[in-house]
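J.: The structure under discussion is supplied below as structure tokens; questions concerning it will follow.
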Amino acid sequence: MIFCPFFQEMSINCSLWQENSLSVKRFIFAKFSEVPGECFLLFTLILLMFLVSLTGNALIALAILTSPALHTPMYFFLANLSLLEIGYTCSVIPKILQSLVSEARGISREGCATQMFFFIFFGITECCLLAGMAFDRYIAICSPLHYATRMSREVCAHLAIISWGMGCIVGLGQTNFIFSLDFCGPCEIDHFFCDLPPVLALACGDTSQNETAIFVVVVLCISSPFVLIISSYVRILAAVLVMPSPEGRHKALSTCSSHLLVVTLFYGSGSITYLRPKSSHLPGMDKLLALFYTAVTSMLNPIIYSLRNKEVKAALRKTLGLKKVLAING
């Protein structure tokens, strides 16, 4: 993994500690590369992915909001996911871009805690939302006669509130628990944003309780939704295989394929990062995986949903056509 030439002396930055205190008050992100050309190339690629992600997710959320035909549980969750992806990328990518083109690689302790909170908040919320979307597809395919009652507006709203609330609670708890520790140096985070493992590695003293807390969160808020998603799709597949109509099987699979692909991308990269043994972690690989699930998956999600869903494509064409008409009339 390549890592942009900035400060010449780490000691200058690491001296940004409060006098008469051993606790680090400012952190510095690892360099992306010593070669300026590589930094510029990486900046361009990440910026393009960031813009595509923002534009695509915003358009999908707008299309769902303005199209009455898409006011269904499945698209309600998709709109939430699109808004979540905007926040997820905005919590990490701007600071990465700044580090690539300027000498401002540093971040205050408070800024690092804020970034970590939003990263955890949006990440956990996405795990729960993806589980809610899988449950919606399970009810739609396996219990179609009860779909209207089991997936009413109230139920969908409650599932969304629980997802966002769970992300907020876990984000606040983990961030407060980690930043209640002292950081005695070194002050360089071996990453390009304030992720949990690299920040925790800089803490003084015993961090076993924090590592246990992270493991519990991974099991309850990441692995458990994933198990729910897999079990839902196993039952969906079993129901689809016994459908007598080929058209029915194709329609059922087409409504699930986009969601399943998004789940695979998100959980695949995230699981490799957080569920691997600590001894097998490689900094370069961790950075590459983090870039994948913060920038690449957020960019691919709107592309996947728009390309594989006729209703979303029709709503996007209508939304873009309406915007063109308004621009011409204006």
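The values are calculated or read from the model by the stated rules, or taken from the named source; none is laboratory data. Everything numeric here is computed off the predicted structure, so don't read it as measured data. Using ideal geometry, Cβ is built from the backbone for each residue, glycine included, and neighbour counts are taken over all protein chains shown. Protein only, heavy atoms only, side chains kept; ligands, DNA and RNA dropped before computing areas. Shrake-Rupley method; radii C 1.70, N 1.55, O 1.52, S 1.80 Å.
J.: Among the residues of the stretch 156-174, what is the count of those that are open to solvent by less than 20 Å² (accessible area, probe 1.4 Å) and either out of contact with any Cys (no Cβ under 8 Å at 6 or more places or on another chain) or of a type in the set (S, T, N, Q) (or both)?
T.: 5
J.: Same structure again: With the requirement that a residue be under 22 Å from the mean Cα position of the chain (by Cα) and at pLDDT 80 or above, what does the stretch 232-258 give you?
T.: Listed by number, the residues that qualify are Ser232, Tyr233.
J.: Take Thr149 and tell me if it is hydroxyl-bearing (Ser, Thr, Tyr), under 30 Å from Glu103 (Cβ atoms) and either assigned to a helix (DSSP H, G or I) or open to solvent by 20 Å² or more (accessible area, probe 1.4 Å) (or both).
T.: Against the criterion (hydroxyl-bearing (Ser, Thr, Tyr), under 30 Å from Glu103 (Cβ atoms) and either assigned to a helix (DSSP H, G or I) or open to solvent by 20 Å² or more (accessible area, probe 1.4 Å) (or both)), Thr149 does not qualify.
J.: May I ask you to verify whether Val155 is under 19 Å from the mean Cα position of the chain (by Cα) and in a helix (DSSP H, G or I)?
T.: no
J.: Among the residues that make up the stretch 100-117, is at least one of them open to solvent by less than 30 Å² (accessible area, probe 1.4 Å) and closer than 23 Å to Tyr267 by Cα?
T.: Looking for residues that are open to solvent by less than 30 Å² (accessible area, probe 1.4 Å) and closer than 23 Å to Tyr267 by Cα, one finds at least one in the stretch 100-117, hence yes.
Rundown of residues vs (1) under 17 Å from the mean Cα position of the chain (by Cα); (2) exposed (fewer than 15 other Cβ atoms within 10 Å of the Cβ); (3) of a type outside the set (Phe, Trp, Tyr), yes/no style:
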| position | (1), (2), (3) |
| --- | --- |
| Gly123 | yes, no, yes |
| Asp136 | no, no, yes |
| Asn176 | no, yes, yes |
| Phe183 | no, no, no |
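J.: Determine whether Glu38 is closer than 18 Å to Phe192 by Cβ, acidic (Asp, Glu) and out of contact with any strand residue (DSSP E or B) (no Cβ under 7 Å at 6 or more places or on another chain).
T.: Here the answer is yes, as Glu38 does meet what is asked.
J.: Also, quick follow-up: With the stretch 193-245 as the region, which helices (runs of 4 or more DSSP H) entirely inside it contain at least 1 residues that are polar (S, T, N, Q) and within 23 Å of Thr264 (Cβ to Cβ)? Give the derivation first.
T.: Values: elements: 196-200, 208-217, 224-241.
In the stretch 193-245, the matching helices (runs of 4 or more DSSP H) lie at 224-241.
J.: I would also like to ask the following. Sort through Glu154, Glu85, Glu126 and tell me the only one that's at pLDDT 90 or above, touching a Leu at 6+ places or on another chain (Cβ under 6 Å) and over 19 Å from Val199 (Cα atoms).
T.: Among Glu154, Glu85, Glu126, only Glu126 is at pLDDT 90 or above, touching a Leu at 6+ places or on another chain (Cβ under 6 Å) and over 19 Å from Val199 (Cα atoms).
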